[in-house]
1. What full-extension length gain, to one decimal in nm, is calculated for Leu60 and Arg182 as 0.36 nm per residue of separation minus the Cα-Cα distance?
2. Which value, in debye to the nearest 20, describes the size of the charge dipole of the chain about its Cα centre when Lys and Arg Cβ atoms bear +1, Asp and Glu Cβ atoms bear -1, and nothing else is charged?
3. Length gain on complete extension for the stretch Val100 to Ala119, per 0.36 nm per residue less the alpha carbon to alpha carbon distance?
4. For an R0 of 25 angstrom, estimate the FRET efficiency from the Cβ-Cβ distance between Asp36 and Gln76 and round to the nearest 0.05.
5. Rank these for me by crowding, Arg163, Arg87, going from fewest to most other beta carbons within 10 Å.
6. Relative to a virtual label point 7 Å from the Cα of Asp205 in the Cα→beta-carbon direction, which members of segment 169-186 show backbone nitrogen distances below 15 Å?
7. I'd like to know which of Pro161, Ala32, Met232 lies farthest towards the positive end of the charge dipole of the chain, counting +1 on Cβ of Lys and Arg and -1 on Cβ of Asp and Glu.
8. Note down the magnitude of the dipole of segment 3-130 about its Cα centre, charges +1 on Lys and Arg C-beta and -1 on Asp and Glu C-beta and zero elsewhere, to the nearest 20 debye.
Amino acid sequence: MKKAALVGSLSRYAERDTGSTKGQKTLARFLAHYFDSLEIPADQNRGHWSIDQYIPQLLLGAFEVFRTSEDETVRQLRARYEDELSRPFMDLTDIWGDGVEKALAVQSLGYLFNDVFNADWFPSRINDVFNAEQNLLQQVLYKFLDRVFSQGLFNIIDTSPQRGVSGTFGETTLRGYVIDGRLMLTFARPGEPMEHSASFVCGDDDPLVLGGRVQHVDTDLQTAIAMINDVMTGWPEDSSAQADILKYDDNVMTG
């Protein structure tokens, strides 16, 4: 597909009456505007050049423009999108914030391109590009679950007479809180003006934590990984030493 075909497909999608979720037609209008004005030498100079495989990469630049540009057309489309979704347009590559909300936004973007081009490879490629930080943090979480949670942490939480536990590992505090069948694990460090933190949620009855996921991140990727590594490095093998470092804590829910 040449650039002109991409712009045309996005424009037609934006004008059709049905078949899109909230905000998608506005994104399609913006993307048609963005790609129409984007200079691509290969597209101009090579007759058989195709833009298809490069779209996920080019979307990174497109959405940075959508998020930050003061161009009047872009500002109007951004305002319309934010009004439709009742929230600001997020930096989809930044791990900071609500992980679930961002994952849904990226998923919706994949559906948009699958819908426009009837190509089922788009969602996975877009996920690879936009969720790279999220996926890396999720991988580190899986290591923590295997090396810490399943090696004593679950038992301490499961047998706790209180809902909350906490412990300090180097620069990092680990907090756990159980409510309504869910366990929230939060890694935290002091910071200004607020602490650095990364929270994960899972069921409270599974030592393997199948389905555990990133919930909310209030720090950068490097700090989030460093906090998890602090706990993995400081977690003792002996069960009595584990109980000494991770204490029942009624203040966790307000901490």
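Any read-out appearing in this document is the output of simple, stated calculations on the displayed coordinates, not a laboratory observation. No experiment lies behind these values; they were computed from the predicted model shown. Virtual Cβ from ideal backbone geometry, glycine too; neighbours counted across all protein chains shown.
1. Full-extension gain reported as 40.4 nm.
2. Dipole magnitude for the chain comes out near 820 debye.
3. Between Val100 and Ala119, full extension yields an extra 4.4 nm.
4. Taking R0 as 25 Å, the efficiency between Asp36 and Gln76 is 0.95.
5. Starting with the residue having the fewest Cβ neighbours, the order is Arg87, Arg163.
6. 179-183
7. Going by the Cα projections, it comes out as Ala32.
8. Value, rounded to 20: 240 debye.
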